[in-house]
Amino acid sequence: MSKAMPGTANGTTDNPGGSAPERLLAQLRSNPLVLLLIAGAATIAVIAALLLWAQAPDYRVLYSNFSEADGGRIIAELDKRGVPYRLSEGGNALLVPTAQMHSLRLQLAEQGLPQAGNVGFELMDKQAFGVSQFAEHLNFQRGLEGELARSIESLGPVAKARVHLAMAKQSIFVRDRQPASASVVLTLHPGRSLGEGQVDAIVHMVGSSVPELAAEAVTVVDQSGRLLSMPGSSGRDLDGTQLSYVDEVENAYQRRIERILTPILGAENVRAQVAAEIDFATREQTAERYAPNQTAGDAAIRSQQLSENYSGGDELARGVPGALSNTPPSPPAPPAPPATTPPGQAQPAAAQTPETQQATAQDPRNSLRRDNVVNYEVDRSVEHVQQRRGNIKRLTAAVVVNFRNGVDADGKPTREALTEEELAQINRLVRQAMGFSAERGDALEVVNSPFTEAQDVVVENVWWQTPEFFVMATSIARYLLVALAALLLWLLLLRPLLRRHSPPVVAAAASEAVESADVAATAGEAAANATEEASIAASGELQRRLRRRSAVYEHNLAHLREMAQEDPRLIAMIVSGWMKKND
């Protein structure tokens, strides 16, 4: 039989002139150990690769959305330090092991990485000898633009910023002077936006950092071309600062009301809300008022002019001031009758001619003139009022007070409403706390109502929803995947190969099992015959033994059938071995 089927018994082929793959396959079939070694090596390699994959560290994003220049510098520094890294998202994200992420960020920040493509004042450190003044001013402007861009990029919603400055142009002529201006281009993160307060903060920061740059001359634009800043304060009704001021005023009044009612009612038994109407209009008022003229004694003298002019001889009043000295002289006595003047003597005064008397009456020494001019100050009042901070125009407050805890006749806890006197007292306290003004139009409403008992729902994180469990489950899942892969390799690859390429051992074990079954069956038959001959009279015992022998036979037969179904080749090899023994 062995000579009739040499190829089947030895596992070789009789066609020596086949192709190279067929010859290689024939050699592998002739030496089953090679296949076992290859399968074992492949299994070990797969398991080792899976173990390395399971033990590989987790990678997290170190930097994202960086420029190509910054990416090259960061990668060069990581290569110098021997840190493994990966690139993802089209090269826009750099990943490093989680355990080294925070330390690497601090170390790279110490070296000024990433620079985000903006050159700061470090540009001034590289000034060449003999640089012109124009180049020096240009480098200063570039450094200032880079520093401003870095400061703006530190904001959360801003991914990238670029600042353009037009510095002020000085001139000796006022009409030739040009003020400074600036424009800012922002690239925001996806899904993020800037509020009005943040835009105003950027505008004021740029305006305060550049000499002679007004906030109205700063323009802020996003990556979509939308204008974020408004030229002047008239472009919007309320800015972020004004809204914050309104919230601050309302919260201050609310805290006042709750603070004064908490000792009386309890912290959880009072709720207050205040709405403030504030006027943010800027007003400038100038007034001049003129009061009625004052009396001469109370008024302030602005200017005074006194002019006195008198003429005359000794006939003027002289002596000690008084009524007598100020009295004009009495007229002279009438002259005596004229007498005959002897020749050679002068004519007396009384006997003057009419021409002489007229000259005496027109003598300027007998005149007196006095002028006195006094100018007083005019009363004037100038008032200039400018209101820059918002004034409170009206306050409205709503206060809700909880019912009081009480006990009924049966001793059970109940809720009782407050009395009218208590509500009136609370109303007066709230009015005093908020500075209630009826002239201003303030409104107040105090309501007594039972509060709904809020059940404190404490949401506890389930143990399998915690981040620690997720990390642990991920590690365990990796090792379980490795174990499952090893089990599949054993069941689907190694175990069939071992069964297929170890026939002598399996056949011997199977033949020994069959022989032991035959010996057991023969011994059982002999024992059964002896038992039958010894107890042939007991028919019941005989029937039981017959059933026992039939059960043993059926069991052995079923076992052999299962072996034949599982591995028919093994049964064929056993039968072949029996045939060889018979030959």
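The values are calculated or read from the model by the stated rules, or taken from the named source; none is laboratory data. Values in this document were obtained by computation on a predicted structure and should not be read as measured data. For neighbour counting, all protein chains shown are included, and Cβ atoms are generated from backbone atoms with ideal geometry for every residue, glycine included. For the accessible areas, the whole protein counts, side chains as well, though only heavy atoms, and no ligand, DNA or RNA atoms are used. Shrake-Rupley method; radii C 1.70, N 1.55, O 1.52, S 1.80 Å.
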Would you mind telling me the share, in percent, of accessible area of the stretch 38-117 contributed by carbon and sulfur at probe 1.4 angstrom?
58
Once you list every other residue whose beta carbon is under 13 Å from the beta carbon of Ser437, what net charge do they have if Lys and Arg are +1 and Asp and Glu are -1?
+1
Under 24 Å from Lys580, Cα to Cα: lysines that are on another chain or at least 8 residues apart
Lys3
Got a sec? Charge dipole of the stretch 38-117, +1 on Cβ for Lys and Arg, -1 for Asp and Glu; which of Ser67, Gly82, Pro114 is way out at the positive end?
Gly82
Ser576, Ser64, ranked by accessible area, largest first (probe 1.4 Å):
Ser64, Ser576
Compute, for Val163, the solvent-accessible surface of its heavy atoms (probe 1.4 Å) with the complete set of protein chains present, and express it in square angstrom to the nearest 10.
10
Amide H contacts of Phe403 (H built 1.01 Å from N, under 5 Å, at least 5 apart or other chain):
Ser449, Phe451
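Of the listed peptides 94-101, 421-428, what is their order by residue-averaged count of other C-beta atoms within 10 Å, with the highest listed first?
Working: 94-101: 17.0, 421-428: 13.9.
The densest-packed peptide leads the list: 94-101, 421-428.
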By average C-beta atoms within 10 angstrom, highest first, the peptides 464-470, 73-79
73-79, 464-470
Sequence-distant or interchain residues sharing an amide H contact under 5 Å with Asp222, placed H: which?
Leu186, Leu228
Can you compute the charge dipole magnitude of the stretch 122-183 about its Cα centre, using +1 on each Lys and Arg Cβ and -1 on each Asp and Glu Cβ, nothing else charged? Give it in debye, rounded to the nearest 20.
240
Hey, if we sort Lys581, Lys393 by accessible area with the 1.4 Å probe, largest down, what's the order?
Lys581, Lys393
Check the straight Cα-Cα distances from Lys80 and name the lysines below 29 Å, setting aside those fewer than 8 residues away within the same chain.
Lys126, Lys160
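Could you order the peptides 141-149, 567-575, 271-279 from most to least packed, using the average number of other C-beta atoms within 10 Å per residue? The partial results should precede the final answer.
Values: 141-149: 19.6, 567-575: 14.7, 271-279: 16.8.
Taking the mean over residues of other Cβ atoms within 10 Å, the ranking is 141-149, 271-279, 567-575.
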Once each part is reduced to its C-alpha centroid, what is the distance from the stretch 390-441 to the stretch 553-580 in angstrom?
99
Given a Förster distance of 35 Å, report the FRET efficiency between Phe403 and Glu439 from their Cβ-Cβ distance, rounded to the nearest 0.05.
0.50
Heavy atoms only, 1.4 Å probe, whole protein assembly: order Tyr85, Tyr553, Tyr479, Tyr63 by accessible area, highest first.
Tyr553, Tyr479, Tyr85, Tyr63
For the pair Lys393 and Ser550, how long in nm is the line joining their label points, each one 7 Å along Cα→Cβ?
11.2
